[in-house]
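Read the structure below first, then the notes.
Bear in mind these aren't lab numbers, they're just calculated from the coordinates by the rules spelled out. On a predicted model such as this, the values are computed, not experimentally measured, just so you know. Quick reminder, even Gly has a Cβ in these numbers, built from the backbone with ideal geometry, and neighbours come from all protein chains shown.
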Amino acid sequence: MEINNELDFSHWGSKTLLLRLRRCPRAFYFAYHEPLRQAPPSPTRRVLWDIGREVGRLARTAAGPGEVVFGGRTRSFKQGKILTWDLIRKQAERIFEGVFQHDGIVVLPDILERRPDGGYRLIEVKATPGMRSRHLLDVAVQDEILRRCGVEVSAVEVWVINPSYVRGPKLNLRGLFRSFDVTEKVRRESFRKKVADLIEDGKAILQQPEPPAAELSSACYSPQRCEFFDWCWRAHRTHPAFQIPFLTLPQRMVMWNEDLDDPRRLQKPHALSDTQRLQWDYHQEGRLQLNVDRVAPLLDSITWPVGALDFEYYNLVIPLFEGTRPGDATPFLYAAAVQERPGGPMHTRRRLEMPPKTPGKAFIQEALQFLAPARSVIVFDKNAEQRILRQWAERYPDLGPAVENLIERMVDIQSIISPRGLYHPDLGNSRSLKAAVALFMKKDPYKALNVRDGFQAALQYYRMSEHPLSAAEKDRIAADLTEYCTMDARATLFLLNFARQQLQNALR
Ligand code: SF4
């Protein structure tokens, strides 16, 4: 096998960069020419990357012993290429994260596995439950580059999370992954042409003296805000299409393309809704608004002492609890708080289920007892909380009356935050507790925490359960998790007290 791995050429692209080209040529250009202009990844994005890395690690374990090149033996592309070439020459059984380069494009296949026919099986691992069409192009670019390098790839597979896998006492890695043989699909002439065109388009775009023109599209906002957004639109940041927080993407696009400065000029089907007209008025006033008729009845239905309850759920694609499937939501932590009188001191209780097992009777019994003195129990989005409580009532019928009693006392205060309730124009269309509390407190109480969202909490819980951490590290994570969940319960009570205060001010 002759290897062509271009040791001495620098690269202009990677699989990730090429896939970005499909999303937006301008973002692709910036990623190469202006990499330092991209915004740092959001905490949620970092968590997604961490989950992807963990799924990759599990897939390597499932595949069997092998060498991890990039991120294992080296963090240098150049060194990685030398090591990979060496492993190929030695006919290594498995190579993980090998480094290949051809015509300036670098790819790092998740798994290369030697087959009895002497060729390699190329495996791309995805942390998604089920196969997605976008995975095909991803693995096809790798297949193309490996073959251009002279590697004999005799099979191409995509491994995804098996959505019907049910966890037993231990994680069965072979059951967790489902493999799809896509050799035929990626070798189709039309598909290979698509990959070759993508590579040629990429080269041509990068050689242009100026970036492709900016186009406001869904790629700018989804699946998350483009990392070059601020840099890309810096000359137009004051245009109303970017400044008005409550617009939908199609409305922004019309405002930008038609250079409108007043959203009331939007025509059907993009005309402002009644709620948006209200938001526009509030936006111009630029201050907090309270609709007495909507907020007063809700607050009047709440009586002190008031309790607050919040659950954290584990719902990642790697099942942790026996009997659960990828993505199933299982509570592992709750925080409850009780306040005797408005603005008075708060008592809190929390419980973290360790080691992970389906939370039993004691988990909820303790919460029911703690919240018993509360005449109203406020939650933020009661559907999830009610569902969990009813599951316990079904499992432990003797808890049924106490659970039903708690549900009867439950008041969902999420609806307070809305343009027709308590609203600040900076909230845009957000109904998030964290966003509202940060705005109303004029500081973000979550900022100082090590765990700041539910997704991150679930990943930390997974780490403390499945990774060989020291007792001190597990204690630290446990403290971070309980602090975060308690903050949610406290924030719910803060929102209630803040709304009461605003209502009193409005009625004065
Ligand atoms: S903000 Fe939009 S147009 Fe600009 S680089 Fe990103 S995706 Fe492309």
* Structure fact -> Protection proxy (average C-beta count within 10 Å per residue), highest first, orders 122-130, 56-64 as 122-130, 56-64
* **Selection from THR84, ALA329, GLN391, by position along the positive dipole direction of the chain (Cβ)** => GLN391
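Given +1 on the Cβ of Lys and Arg, -1 on the Cβ of Asp and Glu, and no further charges, what dipole in debye does the chain carry about its Cα centre, rounded to the nearest 20?
280 debye
Which FRET efficiency value, to the nearest 0.05, is calculated for ASN172 and SER133 with the Förster distance at 25 angstrom and r the Cβ-Cβ distance?
Details: r = 28 Å, r/R0 = 1.11.
Once the sixth-power term is evaluated, E becomes 0.35.
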* Farthest toward the dipole's positive end in the stretch 385-471, which of GLY421, MET441, PRO468, given Cβ charges of +1 (Lys, Arg) and -1 (Asp, Glu) about the Cα centre? -> MET441
* So what does the Cα-only Debye profile of the stretch 130-195 read at q = 0.13, 0.17, 0.26 Å⁻¹, as log10 I(q)/I(0), no solvent term? -> -0.44, -0.65, -1.09
* Put +1 on the Cβ of each Lys and Arg and -1 on the Cβ of each Asp and Glu in the stretch 323-414; which of ILE407, GLY343, ILE378 then has its Cα farthest toward the positive end of the dipole? -> GLY343
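How about the stretch 299-349: which GluC sites (Glu not before Pro) there lie in a loop by DSSP and see at most 14 other Cβ atoms within 10 Å?
On the way: sites: GLU312, GLU322, GLU340; in loops: GLU322, GLU340.
Loop-located and lightly packed - GLU322, GLU340.
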* Degrees between helix 189-207 axis and first principal axis of the chain (Cα, 0 to 90, nearest 10) -> 80 degrees
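So how do ARG94, ARG134 line up by other beta-carbon neighbours within 10 Å, fewest first?
On the way: ARG94 20, ARG134 11.
Neighbour counts put them in this order, fewest first: ARG134, ARG94.
Within the stretch 235-332, list the trypsin sites (Lys or Arg not before Pro) lying in a DSSP loop whose Cβ has at most 15 other Cβ atoms in a 10 Å radius. Before the final figure, lay out the partial values.
On the way: sites: ARG237, ARG252, ARG264, ARG265, ARG277, ARG287, ARG294; in loops: ARG237, ARG287.
Loop-located and lightly packed - ARG237, ARG287.
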* To do: Would you mind checking the radius of gyration and Dmax of the stretch 293-507 based on alpha-carbon positions, in Å?
  => 17.5, 57
* In terms of the Cα gyration tensor, with a ≥ b ≥ c the square roots of its eigenvalues, is the stretch 13-207 rounded because a/c is under 1.5, prolate because a/b exceeds b/c, or oblate? -> rounded
* Helix-derived mean residue ellipticity, 222 nm - over the chain, DSSP H n ≥ 4, -39500 (n - 2.57), to 500 -> -14000 deg cm²/dmol
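If you wrap the stretch 239-285's Cα atoms in a convex hull and average its projection over all directions, what's the area in nm²?
Values: hull surface 11.5 nm².
For the stretch 239-285, averaging the hull's shadow over all directions gives 2.9 nm².
Given a Förster radius of 45 Å and the C-beta distance between ALA296 and ALA448 as r, what FRET efficiency does 1/(1 + (r/R0)^6) yield to the nearest 0.05?
Numbers: r = 34 Å, r/R0 = 0.76.
Efficiency at R0 = 45 Å is approximately 0.85.
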* Listed highest first by mean packing, meaning other Cβ atoms within 10 Å per residue, what order do 197-204, 141-148 come in? -> 141-148, 197-204
* Structure fact -> Cα-Cα pairs in the chain separated by more than 29 Å, as a whole percent of all pairs, come to 63 percent
* Distance in nm between label sites at TRP304 and THR238, each 7 Å beyond Cα in the beta-carbon direction? -> 4.8 nm
* Asked: Which value, in debye to the nearest 20, gives the size of the charge dipole of the stretch 239-285 about its Cα centre, when Lys and Arg are +1 and Asp and Glu are -1 at the Cβ?
  -> 180 debye
* So how many Å³ per residue does the convex hull of the Cα atoms of the stretch 113-242 work out to? -> 172 Å³
* To do: Add +1 for every Lys or Arg and -1 for every Asp or Glu among the other residues with Cβ under 14 Å from the Cβ of ASP293, and state the total.
  => +1
* Could you rank the peptides 460-467, 34-41 by their average count of other C-beta atoms within 10 Å per residue, with the highest value first? => 460-467, 34-41
* Would you give the gap between the C-alpha center of the stretch 391-409 and the C-alpha center of the stretch 152-171, rounded to a whole Å? => 39 Å
* Structure fact -> Across 10 Å bins beginning at 0, the whole-percent shares of Cα-Cα pair distances in the stretch 240-327 come to 13, 26, 15, 24, 20, 2
